[in-house]
Amino acid sequence: MELSSKLTLEMLGEPFLLEKRIELLHAIEEHGSISKAAKAVPMSYKSAWEAVDTMNNLSLAAIVQRETGGKDGGGTTVTEYGKKLLETYKVLKEEHTHFLERLSQLTNIESGEFKTIGRLAMQISARNQIQGAVESIELGAVNAKVSLKLKSGHDLVSVITKEAVENLSLKQGDSITAIFKSSAVMLAVPGEMQLSTRNSIAGRIEHITVGEVNAEVVVGIGQHDVVVAVITVDALKELKLEEGNSIISIIKSSDVMLGR
């Protein structure tokens with residue numbers, strides 16, 4: 001079974017960006033003329049202008065600029081703000097498509113089984129959830145090694161099953177969330193030991209919260225990404241960790257889950 005749905009964004013309670021209007025904006029970008037864009041979509045010249053006026057009126061800034069006159073009804077351009085909206089809609093459309101694909105896999109209309117849909121709204125309790133882009137996927141007999149590039153520039157490797165790669169429909173370039181528990185993060189002082197683990201991420205301690213038994217250490221790794229580790233208070237003292245210290249976060253690749 002396949003599910004389909006149109007993506008519509010509203011502004012002030014009114015339909016703002018619809019798929020037809022997005023097609024119109026792309027056509028205006030291509031042709032530079034409202035009349036040619038209307039024919040390409042297709043829609044009437046009057047409807048095209050009404051759509052443009054509606055979007056401009058609802059928007060905080062002009063999306064389309066026009067100049068009257070000329071044999072084709074004058075020049076028409078999409079503003080920089082309008083181009084940013086097109087990029088945003090493209091990202092939302094991709095996520096919307098992924099959601100529908102996943103929903104189709106989890107839903108069985110014929111049998112009436114909808115209980116698995118709840119998985120899509122599942123809240124994750126893991127402290128560490130970091131966005132990254134898939135750089136490469138190496139498939140083995142059973143498992144797969146997925147290499148991610150975080151926005152901080154660091155590399156992160158996850159080892160998951162081949163089945164998980166197929167279920168997530170992973171491919172190079174995909175945006176994905178790396179998930180791992182704070183208790184799975186080990187800390188090491190730079191230069192004091194040789195590490196064999198694939199995931200050794202250098203950073204700086206931003207904050208330490210000390211409890212009776214354990215301590216939570218928040219490590220900044222760049223570009224507002226943080227890694228959170230929970231270690232014992234004894235380990236905190238032994239390593240002489242303080243806020244501002246350079247530190248290496250160590251995460252086994254098998255402890256890194258992936259979600260989208």
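The values are calculated or read from the model by the stated rules, or taken from the named source; none is laboratory data. Since we're looking at a predicted model, the values are computed, not measured. Note that we place each Cβ from the backbone using ideal geometry, even for glycine, and neighbour counts take in every protein chain shown.
Note on the stretch 227-254: residues that are without any contact (Cβ under 8 Å) to a residue 24 or more places away in the chain and assigned to a strand (DSSP E or B) amount to 1. Residue by residue through the stretch 207-225, note down the ones that are free of Cβ contacts under 8 Å to residues at least 60 places away in the same chain and surrounded by 14 or more Cβ atoms within 10 Å (Cβ to Cβ). Those that are free of Cβ contacts under 8 Å to residues at least 60 places away in the same chain and surrounded by 14 or more Cβ atoms within 10 Å (Cβ to Cβ): Ile208, Asn214, Ala215, Glu216, Val217, Val218, Val219, Gly220. With respect to Leu9, determine if the residue is modelled with pLDDT under 90 and out of contact with any strand residue (DSSP E or B) (no Cβ under 7 Å at 6 or more places or on another chain). Against the criterion (modelled with pLDDT under 90 and out of contact with any strand residue (DSSP E or B) (no Cβ under 7 Å at 6 or more places or on another chain)), Leu9 does not qualify.
In this entry, Val157 is excluded by the filter for residues that are hydrophobic (A, V, I, L, M, F, W, C), assigned to a strand (DSSP E or B) and within 15 Å of the chain's Cα centre (by Cα). When restricted to residues that are surrounded by fewer than 18 Cβ atoms within 10 Å (Cβ to Cβ) and at pLDDT 85 or above, the stretch 187-201 contains 4.
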